[in-house]
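K.L.:
Handing you a structure now.
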Amino acid sequence: MKRRIFKEEHNIFRDQCRRFAEEEIAPHIEEWRKNKQVSREVWKKAGAQGFLCPWMPEEYGGAGADFLYSVVIAEEFSRVGNSGFGAGLHSDVVVPYLYDFGNEEQRRRWLPGCCDGSIITAVAMSEPGAGSDLASMSTTAIDQGDHYLLNGAKTFISNGILADLVVVAAKTNPDANPPHAGISLLVVERGMEGFERGRNLDKLGQHGQDTAELFFNDVKVPKENLLGQEGQGFYYLMKNLQQERLMVCVGAVSHMWRILEHTMEYTRERKAFGRPIASFQNSQFKIAEMYSYCEIAQCFLDRLIEEHMAGEDIVSEVSAAKWWFTDTEFRMADEGLQLHGGYGYMTEYPIANDFADSRVQRIYAGSNEIMKVIIAKRLGL
Ligand SMILES: Cc1cc2nc3c(=O)[nH]c(=O)nc-3n(C[C@H](O)[C@H](O)[C@H](O)COP(=O)(O)OP(=O)(O)OC[C@H]3O[C@@H](n4cnc5c(N)ncnc54)[C@H](O)[C@@H]3O)c2cc1C
């Protein structure tokens, strides 16, 4: 479909980005899957070419570009089947916390490194006992005068092994009522005593992504590493979740187009009963449905991108898109795999990874059930 949200400058940037994805990401995906993490080198290369935090104002090391540049990067990286290099999470989810809620000293200390790829970031909210119900977290950060004493465990943390800075949600007031009012955001740095990485977790898909456990045992986090105001952490997280979920949507729709492309390609080539698989009406109907999902989703997504850029509150719409796109993405991966027959189950075929990688999209960034909880609440139910 013809997309109307991009200007010529975005299209030029897309070409550069596509070249980078094809040369610096695609050839390494297998190796990253085996290593269960990407190289630091790809972070540095992406930073050097302006593919990290393009929105960052120039004074902190960025290009001051609009949000569409982030969209282009997410689409092009996803297009080559990337699910390991967590650049989108870094640029459009974690670093915005540092920029939006950091003071001037913190911004100068961290942001240039976030743009050039020398600092990799992660956000640690989820715990072994608290995921959807974030307010029930048990990690604490107790005020000790000039520092907080941080204790607790986090799990499922993307970029968890490679991260140099981790934005950690912890309770600075464990007795607060309501409980979420006691949560603050602290920046924990690589090398701080008592900060340890646990396992790089074995997953069903997204094997190139380092998703890890993190442990904090009496970590002395200086007061200078508190982000924004004490007790405001939960509100900061809620404020930035709209963009996080929108970026999941961008990845999902881009992935849907990729699944369509792979399925068309394979079913045209593969023959059964003397005919291409694509000539059976069942295949054609499935592919026609896939195409319809892609077009409809893209149209709604582009509207949401515009509204997000205009600063509108589109929490309900983004929640609707997040659950529907990611459910549809997974259903498409499943149906695309089916049309590949036995080969679809072999990991040497991209559709197998598309299937495995897309499953988690329905779970993280707020599960799809939580999206429906949000919508129902905002509908006044
Ligand atoms: C690969 C991966 C990467 C991740 N990356 C990060 C990261 O970088 N940082 C981070 O902090 N977290 C991360 N997460 C954690 C992720 O955000 C959580 O897994 C998610 O929020 C769900 O929490 P949970 O796993 O504890 O499930 P639970 O909260 O235990 O939920 C289990 C099931 O119950 C459902 N459920 C829960 N509450 C309700 C309700 N009120 N109504 C209806 N159904 C409900 C859920 O939808 C789900 O189906 C990641 C997870 C994965 C798998």
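The values are calculated or read from the model by the stated rules, or taken from the named source; none is laboratory data. Worth saying up front: this structure is predicted, and the values here are computed from it rather than measured. Methodologically, a virtual Cβ is constructed for each residue, glycine included, from the backbone with ideal geometry; neighbour enumeration extends over all protein chains shown. These area figures cover heavy atoms from the full protein model, side chains too; ligands, DNA and RNA do not enter into them. Shrake-Rupley method; radii C 1.70, N 1.55, O 1.52, S 1.80 Å.
K.L.:
Looking at region 183-195, is at least one residue within 12 Å of the ligand (Cβ to nearest atom), part of a strand (DSSP E or B) and open to solvent by 30 Å² or more (accessible area, probe 1.4 Å)?
P.N.:
Checking region 183-195: not a single residue is within 12 Å of the ligand (Cβ to nearest atom), part of a strand (DSSP E or B) and open to solvent by 30 Å² or more (accessible area, probe 1.4 Å).
K.L.:
Related question: List pairs: first in region 321-348 and closer than 23 Å to residue 244 by Cβ, second aromatic (Phe, Trp, Tyr) and at pLDDT below 95, Cβ under 6 Å, 6+ apart or cross-chain?
P.N.:
So the pair list comes out empty.
K.L.:
Given the conditions (1) surrounded by fewer than 22 Cβ atoms within 10 Å (Cβ to Cβ); (2) more than 25 Å from residue 161 (Cβ to Cβ); (3) touching a Phe, Trp or Tyr at 6+ places or on another chain (Cβ under 7 Å), which single one is not true for residue 62?
P.N.:
The single condition residue 62 does not satisfy is (1).
K.L.:
Moving to a separate point now. Regarding residue 103, is this residue touching a residue at least 60 places away in the same chain (Cβ under 8 Å) and open to solvent by 30 Å² or more (accessible area, probe 1.4 Å)?
P.N.:
no
K.L.:
Check off (1) over 30 Å from residue 123 (Cβ atoms); (2) among the hydrophobic types (A, V, I, L, M, F, W, C); (3) within 16 Å of the ligand (Cβ to nearest atom) for residue 288 and give me the number that stays unchecked.
P.N.:
Only one criterion in (1) over 30 Å from residue 123 (Cβ atoms); (2) among the hydrophobic types (A, V, I, L, M, F, W, C); (3) within 16 Å of the ligand (Cβ to nearest atom) is unmet by residue 288, namely (3).
K.L.:
Right, next: For residues in region 326-352 being open to solvent by 20 Å² or more (accessible area, probe 1.4 Å) and within 16 Å of the ligand (Cβ to nearest atom), which is farthest from residue 278 (Cα to Cα)?
P.N.:
It comes out as 327.
K.L.:
To continue, here is another question. Could you check residue 214 against (1) within 30 Å of residue 72 (Cα to Cα); (2) within 12 Å of the ligand (Cβ to nearest atom) and say which number it fails?
P.N.:
(1)
K.L.:
Taking only region 108-137 into account, find how many residues are away from the ligand (no atom under 13 Å from the Cβ) and without any contact (Cβ under 8 Å) to a residue 60 or more places away in the chain.
P.N.:
Going through region 108-137 one residue at a time, the tally reaches 6.
K.L.:
Let me confirm something: among 39, 70, 91, 83, which residue is touching a His at 6+ places or on another chain (Cβ under 9 Å), polar (S, T, N, Q) and open to solvent by less than 30 Å² (accessible area, probe 1.4 Å)?
P.N.:
Only one candidate passes the filter, namely 83.
K.L.:
Looking at region 61-95, which of its residues are modelled with pLDDT of 95 or more and within 15 Å of the ligand (Cβ to nearest atom)?
P.N.:
84, 85, 86, 87, 88, 89, 90, 91, 92, 93, 94, 95
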